[in-house]
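Here's the structure, in structure tokens; my notes come after.
Derivation of every value follows stated rules applied to the coordinates shown; laboratory data play no part. These numbers come from a predicted model, not from an experiment. Glycine gets a Cβ as well: all are built from the backbone with ideal geometry, and neighbour counts include every protein chain shown.
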Amino acid sequence: MATIAVFLTVDEQHAGPALQQAAGRIDREGGELVLDFSTVRRIDASGLRALEQFANAAVEKEVKVVLRGVKVNLYKTLKLVKLAHRFSFAKHIEES
Amino acid sequence: MITTEATKERIQIPLAEKTLSPERIAYLEGLVSQARIAAAVFTQFTQEDVDRIVKPMVLAGLEQAQYLARLAVEETRLGVMEDKVIKNMVASEFVYNYIKDRRTVGVIREFPERNLIEMAEPIGVLFSLTPITNPTSTVLFKCIVAIKTRNAVIFSPHPKAWKCCSEAVRIMYETALKHGAPEGVFSCLDTPTLQDNAYLMHHKDVGLIDATGGPGVVKAAYSSGKPALGVGAGNTPVYLEKTADLNTAVVDIIISKTFDNGTICASEQTVAIDDEIYDAALQKFSELGAHICSQEETKLLERTVIDPQTGFMQPMAVGQKAIDIARFVGLQVKPGTKLLIAPIQGVGREHPLSVEKLFPVLAVYRAKSTAEALQVCMDVNHAGGLGHTGVIFSRNDEIIRKFGEVINAGRIIVNSPGAIGALGAVYNDLVPTFSFGCGTGGGNSTTDNVNIYHYLNIKRLARRTQNHMWFRVPNQIYFNMNAVENLGQFPSRTTVIVTNPVLEQIGHVDLVRRHICPKTHVHVTVIPDAEPEVKVINEAVETLKFYKADQIIALGGGAVIDAAKIMKLKYESPDADLEYLAAPFLDLRKRVVEYPKDKVNVARLIAIPTTSGTGSEVTPFAVLTDKQRGRKVTLADYSLTPDVAIVDPQFVLSMPKGLIADTGIDCLTHALEAGVSNYASPYTDSNAMQAIRLAFKYLPIAFEHPQDEEARCMMHNAACIAAMAFSNASVGVNHALAHSLGARFGIAHGRANALLLPHVIAYNAAVPAKFMPSPFSQGYIAHKKYATVADLLNLGGRTVDEKVANLIAAIEQLLDRLGFPRSIAELGISKEEFEKAMPELVKNAFDDPSWRSNPRMPLMTEMVELFWKGYQGRGVAKPAEKPELQTV
């Protein structure tokens, strides 16, 4: 199974487009995707929606999505919108 | 949109399923989903982020106050435009003034002295229903408070105030969004219906329902099973008391009752006026533009503005001008009439105007007395106004307080207008709000003026508190041979020596008498050498009173010293109830009973022990026997501690060998138990360890060579030092078991201790089946402390286990050397008899407070096991399990 690491340097402004770009790679390559959130300090509503769509697409294509470098505050946000359980998390989440 | 899961669950709501179309459900789910995401995003915001959004919202509210007020009046046809402008400004500016410097993110309050921090957790999604009476001001208030607390809100305005409310929501939302608030943080139902409300009230993603409106809305909110702030109707009673400043009171009532045409639910409804000022008050109202209704006019009003079927106000009258109501009803009033005043003769359904009237009609009642006025106010309060608001005008503070006592209202407004006073921050220091909590009387969970703290889950971060500890002993202790000579430095007019017959016979009393200050009148009270009885104490107290003693010298063993402590207590505080003072307690500093502080007499207590064991000369304990009631009473308080202890070994030289052994082991047990106690401290440890060292070294010598003055002196000191340790660290389960065993089978206390001691050490050194909760201890360390004792005694061993085993073996050897029976069976107690006594033994041991400081919490089954180990004797006292907890 191919492993693709998609390194995102997303913030409030760019989370949505970056995740859409990553979703495109699911279509093309399948396998396991690693999204690097280590530079993401905060995510906005459009970013969360994009992440939701990304999770849906990943399920459809049977691709495992691993989030890496997720900060604790962001993890809490993912828990609140019930998205956290839809992803795997690489190692531990990080301190903000 | 994140809806799939939520949509499935929402279809389970029966009412909504029947009445809402799939399209409508999708619409509502969309609102919830958007609010949920906004709330989640909001959790990432800092206090500074939030405050940056709030201020422009407040400014927008102020700028649009007039516009929104006009919209509200045009749409609802209720109230007064100018007053609604004021309401909008209060909802913005006054609320901001209250919240601007308050923290609502992260740590919001700190209590360093309590090691406590309060932290804010947003609620998430709020579903908020707003009323027709205060539509835009309520929306402004809720939006500002919601942003300050990082919550998202879905608004459901009253359908007849939808346009102005949705406009207020839009203004707040666009301003908030512009300054960084999460997208979707506010939304407003497009065409709110009861079905929409029901659906959202039951939605799993709605965290709190904030319902401001009529009783139906509030009831629905509370019936939903969701956390809710439901704020609804009131019925404000007013007492216009004869000492009031009438000019101010009348103007205030008019201001309040006509403010926005009486639409604020805290406005005055029925005024009970003292007879003495009734006519003057009505005259004043009339002069200032009120119309005083005749009896016929009142009847007419009752029939028209109150629904005869329901007994509630007619909606058509709500928020209308007095003059319009008068015209509608058919009353002839002067132009410019502000208020219609209707005299009533009582409260209840037969007096229709005694209910809530959100329009400028005010009921008044002539009260013949304060009691009658209060009664009428209570009747109004209970006729739909429970928990809401009460108003009093008076200069009599006693009556104001009485009113506050009898009226059940979250807000008791004094000498100011009810409606505006209840809003807070204008006439008083109440928290500004547009949502009045009405307490349980109004079916609410709070009586507060709702504000930011009600929109937060407040988390309390409670750090472990290192409780203050103490080390309290007599402030003077004289020790070693001839220490009794120090008596001479204590001046006294009259000294009473309390002692027992034997000590008097062998000349100890004379020895003491010789060293008392010259010119002191000395009286000797001889009491039996047994645990003191109430009768004996009372007789001795009479002696103290008779001689007006200013000094008591207790010369004897523990029994005599205990008796003297209680005599002193009763002498100084004759009303002290010993039974009451002996009430059980868990923590000395938090005990329920308080020992008397007021003293009618004062006497110095000097304790001279004549045995080397109990240490009563330095302890705060005293045991009393109540033969009449057939029980023992243990008193414990540091006020019982003697003022002076004289530990002079010459008074113990006559002790028989058996007593040397018994008291010596008691001393050793005190020290060992204090050493491993949960209340042990470095202060008590130093005493405990020294007492153990002295006892191990000198007890065998004192026993085998009673004439060895050094050994006797050191054992006398050891007993006192051990007592200083357990006075402050307490004892443990060994004492609890020994008290029970000794009482049941008449075994001397030291001996009973000895029979159990090796087994208790093994028991405490093992990993507990149940740990004892104790803020004082850090991890489980009893086994290590026993090991420290073994090291102190140079008993050898490489590991903690070995050291504990060596300590137990050394104690066994010591007990053998002292000639102690090594099992309960050896005392001639049959197995059957012991078995039969077991329930009582365990019950009494468990009731004994001694074990509460034991490092291991003794289960009753473990007590049974320990008793049987004591019964069987040597060879069973080995650590049961290897301690695994090496946490310190």
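Below are the figures for this structure:
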{"read-out": "Listed residue pairs exceeding 21 Å between alpha carbons, taken from B:K257/B:K338; B:K87/B:K163; B:K565/B:K697; B:K163/B:K357", "value": "B:K565/B:K697; B:K163/B:K357"}
{"read-out": "Geometric extent, Cα atoms of segment B:85-152 - Rg, Dmax (angstrom)", "value": "14.7, 47"}
{"read-out": "Computed log₁₀ I(q)/I(0) - Debye formula, equal Cα scatterers, no solvent, segment B:383-422, q 0.25 Å⁻¹", "value": "-0.81"}
{"read-out": "Distance histogram in 20 Å bins (all Cα pairs of chain B, percent per bin)", "value": "13, 29, 19, 25, 13, 1"}
{"read-out": "Point-charge dipole on Cβ atoms (K/R +1, D/E -1) for segment B:138-266, about Cα centre, debye to 20", "value": "200 debye"}
{"read-out": "Cα extents of segment B:546-631 along the three principal axes, largest first (Å)", "value": "33, 32, 30"}
{"read-out": "Cα pair distances in segment B:664-801, grouped into 10 Å bins until the bin that holds the longest one, percent each", "value": "13, 40, 37, 10, 1"}
{"read-out": "Three-way shape call for the protein assembly as shown based on the alpha-carbon gyration tensor, with the a/c threshold at 1.5", "value": "oblate"}
{"read-out": "Normalised alpha carbon radius of gyration of segment B:338-493 [divisor 2.2 N^0.38 Å]", "value": "1.92"}
{"read-out": "Partner chain coverage, peptide B:40-52 - average Cβ within 10 angstrom", "value": "4"}
{"read-out": "Separation between Cα centres of segment B:163-189 and segment B:205-268, rounded to whole Å", "value": "27 Å"}
{"read-out": "Gyration tensor (alpha-carbon) shape descriptor, segment B:766-884, a/c threshold 1.5", "value": "oblate"}
{"read-out": "C-alpha center-to-center spacing [segment B:539-553, segment A:46-75] in angstrom", "value": "86 Å"}
{"read-out": "Long-range tail of P(r) for segment B:495-542 (Cα pairs > 14 Å, %)", "value": "52 percent"}
{"read-out": "Sites B:F546 and B:R817, calculated FRET efficiency, Cβ-Cβ separation with R0 51 Å, nearest 0.05", "value": "0.55"}
{"read-out": "Segment B:809-854-segment B:578-617 distance, computed between alpha-carbon centres (Å)", "value": "28 Å"}
{"read-out": "Rounded to the nearest 20 debye, dipole of segment B:313-420 from Cβ charges on Lys, Arg, Asp, Glu", "value": "360 debye"}
{"read-out": "Trypsin sites (Lys or Arg not before Pro) lying in DSSP loop within segment B:597-628, provided at most 16 other Cβ fall within 10 Å", "value": "B:K597, B:K599, B:K627"}
{"read-out": "Cα gyration tensor category, rounded, prolate or oblate, for segment B:804-854 with a/c compared to 1.5", "value": "oblate"}
{"read-out": "Average other protein chain Cβ within 10 Å of Cβ, residues A:40-49", "value": "5"}
{"read-out": "Shape parameters for segment B:468-518, alpha-carbon atoms, Rg then Dmax in Å", "value": "14.0, 47"}
{"read-out": "Scaled radius of gyration (Cα, divided by 2.2 N^0.38 Å) that segment B:133-229 gives", "value": "1.03"}
{"read-out": "nm² value of the averaged projected area, convex hull over the Cα atoms of segment B:435-567", "value": "16.9 nm²"}
{"read-out": "Alpha-carbon radius of gyration plus Dmax, which is the widest Cα pair, for segment B:240-396 in Å", "value": "14.1, 41"}
{"read-out": "Relative contact order %, chain B, counting alpha carbon pairs below 8 Å whose residues are six or more apart", "value": "8 percent"}
{"read-out": "Segment B:736-786 - Debye-derived log10 I(q)/I(0), Cα point model, q = 0.13, 0.30 Å⁻¹", "value": "-0.42, -1.06"}
{"read-out": "Contact order normalised by residue count of segment B:151-262, Cα under 8 Å, 6+ apart, percent", "value": "19 percent"}
{"read-out": "Mean Cα-pair separation over length for segment B:231-336, i.e. relative contact order, pairs under 8 Å, 6 or more apart, %", "value": "27 percent"}
